[in-house]
Each structure stands twice: as C-alpha cells, then as structure tokens.
Amino acid sequence: VKPYYYHCFNCHTQFSASEIEQDRHYLCPKCGKPEKNKPLHGALLISFDYQQLKKRYNRPFFLKQPAGQIWRYPLLWPLQPPEYAKDPPFQKIEWKELFSVDLPATKIHEIRVDTHTVKLLDETNNPTYSYKDRASTLVALKARQLGLTAVSTASTGNAASSMAGICARFGLEAHLWVPENIPEAKLMQILAYGGQVHLVRGDYDTAFDLSLEISQRMGWYNRNTAYNPLTMEGKKSGAFDIFIGLRGDLPDYIFVPVGDGVVIGGIYKGFCELQHLGVIEDYPKLIAVQSSGSNALIRFMQTGKFEYLPAETIADSISAGAPRNLYFAANSVRESGGFALEVDDADIVKSQKLINERTGILVEPAGAASLAGYIKAKSEGKIDPDKKSMILLTGSGLKDIDSLKRLHRRPDAFRAEVWQERYVGE
Ligand SMILES: Cc1ncc(COP(=O)(O)O)c(C=O)c1O
Ligand SMILES: [Zn+2]
C-alpha cells in the first residue's frame, strides 16, 4: 500500500505527502491563498490507494468494527504508518497512541416526529461533547507526528474547546482565537482544559484571519477548519460510524447543520471512500441545513456566486459569513443528490426543545438545526417521508446554557410548608 497524497480541489495538481507536510503547506502551493471574509480557494484534499486498501478494508471488515474506534483502520488516515516513518521528516508514531483517543461509542438513537421515525447520530457524548473532536483528534496526532508542541485554531467556540481538550490529552499547547461573544460554558471549558484563550473583539471571520497570521509567525500548527486538510479527514469518520452503527443499512437522507461546511464535506468524503473501497454502492443524499441568518451556502447554490454577509444566528456554531469549505460543501450536496435549505432561529429553538424532551439528549441550537431542517423539508414535500432519514446532533446543550435559559425560566422556590400544603394538604 502506497501512502496517501494531496491534491488541490481547484487546480487538481497532485502533491506528495512530504512536499506538503515538510514545508507545512495547508492550502495548494500553486493556487491557494486565504483571503479575508472569503471561502478558501485551493483547499487540499487527501487521497489513498483505495485499490490496495479494498483488499483489507471491505464490507465484511467494516461490519465487524465497533463505532468510534478509528485506529482499527489506520491506513485510512493521513498519518504515516510505522513502516513509512523512517522517511524524514516523519517521526515514528505508534498506532497504540491512537488507542488513547477512542471517540465515544457513537450512538444512534431514534426520535418520533409526527408519523415518522428519524434516526439520530448523537455526537454530544464525544470527549469534549461535539462533532469537532473527530477533527481535533487527527490534527493532534499529526502535530505529534510532525514533532510540533503547539496547536492553534480560530473558532466560534466548539472547535476551540475541542482542540483544547484533545491537546490536554496529548500534552500539546493550545492557542485559541475566539470571538468575545463565545458562549460562557465553551469559554470556561477551554480555560478548564488549560487552553490559552485569545478573545477577539470582532466576529469569527476576524478571528479566522488573525489566527492564520499569528500561527504562521509563531510556528504553531494551525487547525482552522477547512484550512487544515486534516480537519475534513477527521470528520469523514462520521460516515464510517454511520455505516457501522446502522450495520450497513444506510439512510436515504442525512440532515447536516452547516457553518463552514467541513462536517458535511467530511461526511461526503467518508461515503465516497466507502464507495471506492466497494463497501457501499450508493450513498445517502446530504441535506445542508443553515440558519436564515447565516445562509451563504444556500445563496451560493442558488446563484453560483459567493457574497459575504455578516452572519447572525442564535446557533453560534453554524454562524459563518464566509464558509471556508464552501466549494467542496456545495459539491458534496450536489453530488450526493441532496439540497440545501434554511430554517429560522425560532424553528431551531423549537427543535432543540423537542429533542431535549423526547430523547433525553441535550443539544445546542446548531445541533438541533438538523431536526428543524427535516421538519421543514418534510412539510414542503422536498423529501419522501417514507424513506429513511437521519439527523446529526452535533453538539451538547450544556455548552450553551444561555440558549436553554431562553427556553426555561428559573422556577420560584418555596418553604417546605408551602410544598406540603400543595401536595399533602392540611
Ligand atoms: C455543534 C456544531 N454543529 C454544526 C457545526 C457545523 O460544522 P461546519 O462548520 O463544518 O459546517 C459545528 C461546527 O462548526 C458545530 O460545532
Ligand atoms: Zn491549486
């Protein structure tokens, strides 16, 4: 089996792993350049030797795997396997290191919505309680392999808290660039893990650009979503876990909350890889769900043009005026046969309440946007309700207490006698 290689989504040039990693390129060396408030041009993708890998990683193989244990198929990750580790500059990485980063036993549950049952992929049980851990884990492993000691990322909150927690596990330093309006619990989470917080007076898009500049200056490994190609690689594991968790009985539609578009892009890439490996024939249609206050992907898919508008939504995790993975995300939606749709914040909040009360899974607003999308798509006749649907619950509600405070007011307290009178009588 040959190691993986990189190629550019825009100009299609191929690069060897060492060309990219030795000089620490994140975007295409030929055409990539980050621009303020714009989706990334020249994002790099990673490909593997599927013809060889399919001999080992076939359908029966995947059907035997437990969910969440990504180290069981090490050759599908862009980490130098031990046999290649002697090539400089790679440091030897022991596969057993991966054993310490099991993702949770990702669970698939169900929710009844009117007359139909919808599957849920619950990502709220991950090590730091969001889907982001799938990317952070791979980035941390790569940092270790490259011999780096510090990782940096911009984030609305979850990527930063995730990176801080995963760095704590790996003994890496974490530098986090977050807008000052980051939900309190996410900020406390970062601080509790020992991450170094850099609060930015400005929005996520400002934090993104700033973190690129300073990481480069300081020599920190940058985990910015979509910018670092390993973020999408990590996020492809969701597709493998959906296949494993459902024992190969894939849904027809998967509803994905979209901000920067890396989760949806990663899931699409994961299903494509399963197809290249001959594990599946067809893959699910991916439905991108955005908030109407942060709908750049939807506008791009309608007009073919990107236009920057500042994002404003209660679902902070999907607030992105310039989705960095816009082009690949749009491609993922289109190629899978899905579509993009927007939901109002009020519907997101209603769905959040529904999920909390009907499943016992506490979700943050972004994590509930997927259900709001399902309900809307169904009511508008955009999906066949008798086909199988799945929604992604991407982050825990405990990370955004303010959003829960909007739903519930603190009850009044009474003395014991008052309660007794009410329930026991005189
Ligand atoms: C809870 C939650 N849901 C959805 C998303 C959307 O992911 P992406 O920005 O890759 O589209 C994120 C991350 O940004 C998230 O933290
Ligand atoms: Zn290029």
Computed over the Cα atoms of the stretch 311-395, the Rg and Dmax in Å are 13.4, 36
Over 30 Å (Cα to Cα) among K36/K382; K38/K388; K305/K378; K55/K107 -> K36/K382; K38/K388
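With +1 on the Cβ of every Lys and Arg and -1 on the Cβ of every Asp and Glu, and nothing else charged, how large is the dipole of the chain about its Cα centre, in debye rounded to the nearest 20?
Dipole of the chain, to the nearest 20 debye: 900 debye.
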By the Cα gyration tensor axes a ≥ b ≥ c (a/c under 1.5 gives rounded; else a/b larger than b/c gives prolate, otherwise oblate), the shape of the stretch 150-203 is prolate
In units of 2.2 N^0.38 Å, the Cα radius of gyration of the stretch 269-313 is 1.63
With Cα coordinates, the longest principal axis of the chain makes an angle with the long axis of helix 262-276, in degrees rounded to 10, of 60 degrees
Length gained if H276 through K54 is fully extended, taking 0.36 nm per residue and subtracting the Cα-Cα distance, is 79.1 nm
Compactness summary of the chain: radius of gyration and Dmax from Cα atoms, Å, are 21.4, 83
Highest GNM mean-square fluctuation among V139, V279, V178, for the chain with Cα springs under 10 Å, belongs to V279
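Between E421 and S47, what length in nm is gained on full extension when 0.36 nm per residue of separation is reduced by their alpha carbon distance?
127.7 nm
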Calc'd 3J(HN,Hα), the stretch 327-343, phi into Karplus 6.51 cos²θ - 1.76 cosθ + 1.60 (θ = phi - 60°), Hz, glycine/Pro = x, comes to 5, 5, 5, 4, 4, 5, 4, 5, 5, 7, x, x, 7, 10, 9, 10, 10
Accessible-area order for R422, R134, R217, largest to smallest, probe 1.4 angstrom, reads R217, R422, R134
Label model pair M188, A413: point-to-point distance (7 angstrom along the Cα→beta-carbon line) in nm is 1.8 nm
Subtracting the Cα-Cα distance of R24 and N37 from 0.36 nm times their residue separation yields 2.4 nm
Computed over the chain, protein heavy atoms only, probe 1.4 angstrom, the accessible area per residue in square angstrom equals 42 Å²
In degrees rounded to 10, the 0-90 angle between helix 158-170 Cα long axis and the longest Cα principal axis of the chain is 60 degrees
Taking the alpha-carbon centre of each part, the distance from the stretch 347-369 to the stretch 108-154 in Å is 18 Å
With R₀ set to 51 angstrom, the calculated FRET efficiency between the beta-carbons of H116 and R217, to the nearest 0.05, is 0.45
Carbon plus sulfur, as percent of the 1.4 Å-probe accessible area of the stretch 361-426, comes to 52 percent
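The values are calculated or read from the model by the stated rules, or taken from the named source; none is laboratory data. Fair warning: this is a prediction, and the values are worked out from it, not measured in the lab. Backbone-built Cβ (ideal geometry, glycine too); neighbour counts: all protein chains shown. These accessible areas exclude ligands, DNA and RNA; they are computed on the full protein's heavy atoms, side chains included. Shrake-Rupley method; radii C 1.70, N 1.55, O 1.52, S 1.80 Å.
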